[in-house]
Each structure stands twice: as structure tokens, then as C-alpha cells.
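**Q** The structure's right below; bear with me while I get my questions together.
The values are calculated or read from the model by the stated rules, or taken from the named source; none is laboratory data. Computed from a predicted model, the values in this text were never measured in an experiment. Backbone-built Cβ (ideal geometry, glycine too); neighbour counts: all protein chains shown. SASA here: full protein model, heavy atoms, side chains in, ligands and nucleic acids out. Shrake-Rupley method; radii C 1.70, N 1.55, O 1.52, S 1.80 Å.
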Amino acid sequence: MQILGITPAEEETYRHLLRHPGSGVAEIVAAPWHPSGTGAAAVGRLKALGAVVERDGVLWPEEPKAVVALLAERLLAELHTITRSLAQVYTVVRSLEDEADEAAVAAGRSEAGDTPPPDSRLVERITDPTALRARVEALALSTRSEVLAGGLCEEVDSRVLRLTLPLGLRMLGRGVTVRLLVWRSMLADPAVVAHVRRLADAGARVRVLASSDSPMAVCDGGTALVPVEPSDIAKGVFVTAEPGMVSTVVNHFERLWADADAREFGDG
């Protein structure tokens, strides 16, 4: 149950109540699996989450099916809120980076506009097209297991297609799993359809999403690429290895993947 946001002690309490429904509140609060002084808080949280109810000083567990459904719904709502807040995170990162760059210039340690080497920090902002192409090619070359990619952009640049198609085919050729989300609005462009069809024929798993979303990519579950401005990829891309941000992008992709349609390009 920990994957649903329940602590080990809270899970032990709920499981105990499934085995011994009607246990007294005082007994559960003093149970040995609670860290010292935390029993009351654990019981209170389980009650707030709707996992247990208290009647006349005793505790009763709610049905497991209903509890899991409630916890899953709560977790999905939290993930949705986090993913919709990504743009604000990017703005904060950009602001902090700008201050760091200004401080470095003032100290005479670097020139304005310099970008640190790719591995020198967990979040890297790339706005130069040539530098971005080189970074994408390097990531594609080093990817060994899986690539998650969502969307190119509403107005697909032919240079993007010329770059991503051969990279995708090369990764598929060496056994990398490629999962691609395509926004339905993009299928009006024959060049995009041909691009996606070639990837699907080579083994990529492709699904179509009715509504558009910010482009994204994740390599081997460890490096994520997202636009600096979610609505305008031309303004640059963040490349991040920060675990929390990568996890957020992956979770967002998986939610979109589950909602997408697989019919247009195979059974996904």
C-alpha cells in the first residue's frame, strides 16, 4: 500500500484491523509497530483518508476495494496537480540559473550566456539549436533500454523530423524500446504521418492522444527533456537528471499513455 501513499505503520494498522476489526483505539495507538508517539497521528490519518472509521472508541476497517480506489484516486489527483505545475517549476529553475550566471559573471568566473558542461548540474537549459541537436544525438546514442516521447510540436519543423526519424530508427535497430505519443492534430500533416508510420513499422509503440500537451521525452528513465516554455519549444529545452522532475515527467507520460488511442498505428 506504500505505493498509494500509505506509510508502513499505517499499512500495518489497516491490515491489523482487517484481521481484528473492532480493536480499541487505545490499543491501536499503543501498538508496537508505531514509532514512539505517532500512533494517534497514524490513526487520525487513516480516518481522514476514509480507510477506517471509529465508533464508540473502537476502529473498523473499510472494505479493501473501496479503500484502494480512494487512495488511487487521491494519488492520481496529486500527480495531475504536480504535472500541471511543471511550467512553474521551469520558471523557477530558469530564474535561479539566471541569478547563478549573473553571480559567476560578476566574480569573473565565466562569460554571460555560457552553459555549463552537460553533466555539471542536474538541470541544463539549452536554447542554441546546434547545441540542442548535439545533446539530443548524444542522449540517443547513450540510450540503452527505453525512450518515452510525447509530441513534436503543433507546427512541426522539417528539421525536427530529419533529426528524430534516423535517431529513432537507430535506437529501434539496436533493441531500444520506443513509446511515442502523437497528438491527433498533428496527423493532418502527411510528413508527420509518414514519419510516425516508419517508426511504427520499425517496432515503435505509438498511441494517439485526442488533445495536445507539452512535448516531452525521457531516456532510460533517468534523463528528461521538456520545453523551457511548454507552449513554445522554439524557446529552448530543459535537460534534467533531477530524480523528482524525471519521475514527474514519467508519471505524466504514463497517465497520457493510458488514456491514448492505439488503433491508428497498431495495437500499441
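**Q** Working only within the range 1-10, note down all residues that are in a loop (DSSP other than H, G, I, E, B) and open to solvent by less than 30 Å² (accessible area, probe 1.4 Å).
**A** So in the range 1-10, the residues in a loop (DSSP other than H, G, I, E, B) come out as 1, 5-7.
Of everything in the range 1-10, just one residue is in a loop (DSSP other than H, G, I, E, B) and open to solvent by less than 30 Å² (accessible area, probe 1.4 Å), namely 6.
**Q** Looking at the range 53-67, is at least one residue modelled with pLDDT under 85 and touching a helix residue (DSSP H, G or I) at 6+ places or on another chain (Cβ under 9 Å)?
**A** Yes, the range 53-67 contains at least one residue that is modelled with pLDDT under 85 and touching a helix residue (DSSP H, G or I) at 6+ places or on another chain (Cβ under 9 Å).
**Q** Between a residue in the range 172-193 that is buried (at least 20 other Cβ atoms within 10 Å of the Cβ) and any residue that is of a type in the set (Phe, Trp, Tyr) and assigned to a helix (DSSP H, G or I), which pairs come within a Cβ distance under 9 Å, given they are 6 or more apart or on different chains?
**A** What qualifies is 181/253; 181/257.
**Q** Could you tell me how many of the residues in the range 33-55 are closer than 20 Å to residue 19 by Cβ and either open to solvent by 80 Å² or more (accessible area, probe 1.4 Å) or aromatic (Phe, Trp, Tyr) (or both)?
**A** 4
**Q** Given the residues 236, 244, 221, which is the only one that is under 24 Å from residue 132 (Cα atoms), of a type outside the set (A, V, I, L, M, F, W, C), surrounded by fewer than 20 Cβ atoms within 10 Å (Cβ to Cβ) and without any contact (Cβ under 8 Å) to a residue 40 or more places away in the chain? Can you show your working first?
**A** Values: 236 fails: without any contact (Cβ under 8 Å) to a residue 40 or more places away in the chain; 221 fails: without any contact (Cβ under 8 Å) to a residue 40 or more places away in the chain.
One residue alone meets the criteria, 244.
**Q** Let me ask something else. Please state which one of 135, 94, 121, 144 is open to solvent by less than 80 Å² (accessible area, probe 1.4 Å), within 23 Å of the chain's Cα centre (by Cα) and modelled with pLDDT of 60 or more. Walk me through how you get there before you give the answer.
**A** On the way: 94 fails: modelled with pLDDT of 60 or more; 121 fails: modelled with pLDDT of 60 or more; 144 fails: open to solvent by less than 80 Å² (accessible area, probe 1.4 Å).
After applying the criteria, what remains is 135.
**Q** Tally the residues that are open to solvent by 20 Å² or more (accessible area, probe 1.4 Å) and either under 25 Å from residue 75 (Cα atoms) or in a loop (DSSP other than H, G, I, E, B) (or both), restricting the search to the range 11-32.
**A** Looking only at that region, the number is 10.
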